[in-house]
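Each remark here refers to the structure printed beneath this line.
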Amino acid sequence: MVENILVKALAGEDLSPEEGVVLLKQTEAGTIEAIRQTADRLRHRQVGETVTYVVNRNINFTNICEQHCNFCAFRRDSGDEGAYWLDWAQILEKATDGVRRGATEICMQGGLNPEAKLNGVMLPYYLKLIETIKTEFPDLHLHAFSPQEVQFIAREDGLTYAEVISALREAGVGSMPGTAAEVLDDRVRKVLCPEKIDTATWLEVIRTAHEQGLPTTSTLLSGHIETPDQQIQHFEKLRSLQQSAKSQGYTGITEFILLPFVGQEAPPSLRRRVGRDQPILSDALLLTAVARIFLGNWIANHQPSWVKLGLAGAVEALRWGCNDIGGTLMEEHITTMAGATGGTCMEVETLQAAIATLDRPSQQRDTLYQPHAPLRRGLSKVG
């Protein structure tokens, strides 16, 4: 049966959810190797041999958050030890440092801070975040604000998702992170993140972004309490979302990123249920391969997380269907505070050397997977 499924995939056909589950449940080494080879062949066919990367900087502008997700060691209440909220000067300093180090992208997300308002209104605060960066660096791509943040702003200000997204896009946001998805199954979400938006809301916000011409990414938080069936149903929702976007002429989802669960700092009850603190590489690699096979006809670019898997694990994932190794990040808090050991910053030369071990070429890209073009000089105060 597995052989027939792989032949179907290599013929260019989309798998059914049932066929995807069959692949995920394989345990025999030879069968898993056949799945890997199929994913690698499809990767080569769909995007070629070149491994891409982006030079970007993370800015997590606050860790003050009203929610209490069970897997999150990043969030704090206002006034807690370790709570922070960057001011405008600090935001600009981090962006400036990123540009000096070659960044073409700022990835900006933060906690849901109820005090993040200007004159009692939340949207103007977020627009000021954008303005602080874009005034100095108009060519810098802002990959910013998850569906959860969009819902938060809309709720606080009594706006529709479309109104919030339109304002963010017009102010200078170039794409939206597909984070806060975790697993798109409300039974799982009630355990992991009961206060977060539900599956339907996540899909609605992403769909609304696509309909406004705003590209997004997509993610899956894997390796905790979810089942293979729930993983595949997550993939099916992403594929359907992308099919809808493409049918209407939108870019839609630019990439899929697997985010293996790191539970070292999770509550004891969740740690006991999961049974480990760090990802199991073999599980992540099989899921990576199946993601390529299931999604690759519609979402061409697939990326591992070197923060979660370590650089060696991420390089191995490039043999299991991934074609992109991610970004330099320069600063990463959320996963590292959860107990990840992959690091917080990666130099371009390190990424290039790692890719070279596979005898595949590397290429710097921009956020939307176009070849890198240097930021125009003279548009900022960076010398």
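Looking at Ala167, Ala180, can you tell me which residue is without any contact (Cβ under 8 Å) to a residue 60 or more places away in the chain, closer than 19 Å to Ile106 by Cβ and assigned to a loop (DSSP other than H, G, I, E, B)?
Ala180
In segment 126-159, what count of residues is obtained for those that are more than 20 Å from Gly178 (Cβ to Cβ), among the hydroxyl-bearing types (Ser, Thr, Tyr) and crowded, with 16+ Cβ neighbours inside 10 Å?
Adding up the residues that qualify gives 1.
Within segment 75-93, how many residues are outside any loop (DSSP other than H, G, I, E, B), at pLDDT 95 or above and out of contact with any helix residue (DSSP H, G or I) (no Cβ under 8 Å at 6 or more places or on another chain)?
So the count comes out to 3.
Given the residues Arg45, Arg57, which is the only one that is without any contact (Cβ under 8 Å) to a residue 24 or more places away in the chain and within 30 Å of Ala291 (Cβ to Cβ)?
Step by step, each of Arg45, Arg57 is checked, and only Arg45 is without any contact (Cβ under 8 Å) to a residue 24 or more places away in the chain and within 30 Å of Ala291 (Cβ to Cβ).
Going through segment 10-43 one residue at a time, which ones are of a type in the set (A, V, I, L, M) and under 25 Å from the mean Cα position of the chain (by Cα)?
Leu15, Val21, Leu23, Leu24, Ile35, Ala39, Leu42
May I ask you to list the residues in segment 183-208 that are modelled with pLDDT under 95, within 21 Å of Leu287 (Cβ to Cβ) and outside any helix (DSSP H, G or I)?
Cys193 - this is the single residue of segment 183-208 that is modelled with pLDDT under 95, within 21 Å of Leu287 (Cβ to Cβ) and outside any helix (DSSP H, G or I).
Among the residues of segment 271-287, is there at least one that is at pLDDT 95 or above, touching a strand residue (DSSP E or B) at 6+ places or on another chain (Cβ under 9 Å), assigned to a helix (DSSP H, G or I) and closer than 29 Å to Gly110 by Cβ?
The answer is yes, given that some residue of segment 271-287 is at pLDDT 95 or above, touching a strand residue (DSSP E or B) at 6+ places or on another chain (Cβ under 9 Å), assigned to a helix (DSSP H, G or I) and closer than 29 Å to Gly110 by Cβ.
Within segment 57-74, work out how many residues are in contact with a Cys (Cβ under 6 Å, 6 or more places away or on another chain) and either surrounded by fewer than 21 Cβ atoms within 10 Å (Cβ to Cβ) or modelled with pLDDT of 95 or more (or both).
So the answer is 1.
Quick check on segment 132-142. Is at least one of its residues under 21 Å from Ile64 (Cα atoms) and not β-branched (Val, Ile, Thr)?
no
Could you count how many residues in segment 97-128 are assigned to a helix (DSSP H, G or I) and either in contact with a strand residue (DSSP E or B) (Cβ under 6 Å, 6 or more places away or on another chain) or of a type outside the set (Lys, Arg) (or both)?
The number of residues fulfilling the criteria is 8.
How many residues does segment 85-125 hold that are surrounded by fewer than 16 Cβ atoms within 10 Å (Cβ to Cβ) and within 23 Å of the chain's Cα centre (by Cα)?
Number of matching residues: 2.
Only one residue in Gln248, Gln243, Gln231 is surrounded by 22 or more Cβ atoms within 10 Å (Cβ to Cβ) and of a type outside the set (A, V, I, L, M, F, W, C). Which one?
Gln231
For segment 36-46, check the following and say yes or no: at least one residue is farther than 30 Å from Ala116 by Cβ and either at pLDDT below 95 or aromatic (Phe, Trp, Tyr) (or both).
No, the conditions are met nowhere in segment 36-46.
Out of segment 39-51, which residues are of a type outside the set (A, V, I, L, M) and touching a Gly at 6+ places or on another chain (Cβ under 9 Å)?
Answer for segment 39-51, where residues must be of a type outside the set (A, V, I, L, M) and touching a Gly at 6+ places or on another chain (Cβ under 9 Å): Asp40, Arg43, Arg45, Gln46.
The values are calculated or read from the model by the stated rules, or taken from the named source; none is laboratory data. These numbers come from a predicted model, not from an experiment. Note that each Cβ is placed from the backbone with ideal geometry, even for glycine, and that neighbours are counted across all protein chains shown.
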